[in-house]
Amino acid sequence: MDEPVEIGRRVQRLRAERGLTQKQLAEPAYTPAYISTLEAGKVRPSEAALRYLAERLGASYDELATGRPARLATELRLALTDAQLELAAGTADAAAVRYRRVLTDAEHLGLPAEQAEALLGLGDCALETGELADARRHFEAAERLLADQPLPRRARAVRGRAVAHLLAGELRYACYLLESAIDELGSRGLADPEALLLLYAAVIGPYIDMGAHARAAHAAELALALAPRVADPALVAGMHRQVARTFLAEGRLADADESLAKAQAVYAQLRLSTDLAHCHWMRGYVQAQHGDLEVAERELRTARQMLTARRAVLFAAQVEVELADVLRRLGRYEEAAGLLSALLDLDEEHGTVHAGGAHRLLGLIAEERGDARGAEEHYVRALALLGRSGASGDLADLCRLLGDLLRRAGRTEEALEVYRTGLGHRAAPGTTTLGPAPAAPGPPAVLAPPARPVSG
């Protein structure tokens, strides 16, 4: 709200333009003396008084309080919906251009709510294109703008920041952010269904990757229970996609495919191409687990094509790892290796976890082709890359693969040491990050390689 003098001049000008006396403007709720004092800038009007005067003057509350025509805020909100549509059905780059324009205008007009929405949109765009540092910066700026708002209003920013850490391979920290927000909603009695669904759906992935399957199953059950109370169909569809991951972890392939089919139907209706691509990706994964490799390849190629077209580089990299595994299982080693080689140069900010997955698969390919030395090199590199991620299941599996390789080469002591390391990465059923807050992610931990390579 502006200073009383500015508000008073504004009320006086609008009253004169409408041809009203102070008495006509004041009655029946106020006195002419109050209007005279207000117009002289000697009193700060209450919100109730300004809303009353705005209605009498045919203006808006914002126009009286700030001098800003109401249509400008409406036009900005319309521009935000255009950007949201661009992100959902077009390209992240084009959407980011629109969001930046809205952000500039909202900053100039002093509209913090619209600034926050623009920052959230820019964060989502950065997630799509794999610019994780930019994504975190945008989501953190949105959180600062919304600091005085209740947590349900800040849930999107928290979720976005957590996803940025998740995509960077910082599973434990992402899990901690989401758990903390869920706990705060519960402790403060802020059981907003949309905020809870957003957070529960986001936490399923890191739970599974950390080996906390019991927690993932519980989050999936809670998300399913919340779905009927949520009006946003895209949010419900995203929940179905995440719940499918829990069904997969429990071996319930039919239930997983049913959840994905529901999500796919909603996304197709809404034309949300990135999320629709995620459904093709997950269905391909389901079919691969079921042994139908030809159908899996087709679904994964569809997902890859859609994500590549949208320049969603990190999501596309995840799909390429899954596709390469299917090609390996089909015996198409050269084709699989060609896909994976492009992922080996991903840096820490843009896909260390995916590079680790690529090295793991290249190790399997080398081992299946009789190249024990090459297999060991890839397994060791994968362990170094995944060492900081908290992906307990992946690390334990890698230790098993490397330990088996060393044991078959007669290097029993080294194999035992690797097996012990793998046991240390196994998560107890249902465990989470509960306990002291993890520190903000630092440099990756590097696992020491075995003493010598496998003899050729």
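Throughout, read-outs are computed from the coordinates displayed, never taken from laboratory work. Worth saying up front: this structure is predicted, and the values here are computed from it rather than measured. All Cβ positions, glycine included, derive from the backbone under ideal geometry; neighbour counts span all protein chains shown.
What the table below lists for this structure:
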read-out: Footprinting exposure proxy for Asp183, Asp325, Asp148, Asp82 (fewest neighbouring C-beta atoms within 10 Å first); value: Asp148, Asp183, Asp82, Asp325
read-out: Computed Rg/Rh of segment 61-181, alpha carbon atoms with Kirkwood Rh; value: 1.01
read-out: Environment charge at Tyr333 (Cβ cut-off 14 Å; Lys +1, Arg +1, Asp -1, Glu -1); value: -2
read-out: Long-range tail of P(r) for segment 4-67 (Cα pairs > 14 Å, %); value: 48
read-out: Sorted by Cβ density within 10 Å, fewest first, the residues Glu63, Glu320; value: Glu63, Glu320
read-out: Vicinal HN-Hα couplings computed from phi for segment 165-175 (Karplus, 6.51 cos²θ - 1.76 cosθ + 1.60; Hz; Gly/Pro x); value: 5, 4, 5, 7, x, 9, 5, 5, 5, 4, 4
read-out: Rg/Rh for segment 122-250, where both radii come from Cα atoms and Rh is the Kirkwood radius; value: 0.95
read-out: Sequence-separation-based contact order of segment 125-164, relative, with Cα cut under 8 Å and 6+ spacing, percent; value: 46
read-out: Among 395-407, 217-229, the order from most to least packed when residues are scored by Cβ within 10 Å on average; value: 395-407, 217-229
read-out: Exposure proxy order (Cβ contacts within 10 Å, fewest to most) of Val203, Val43; value: Val43, Val203
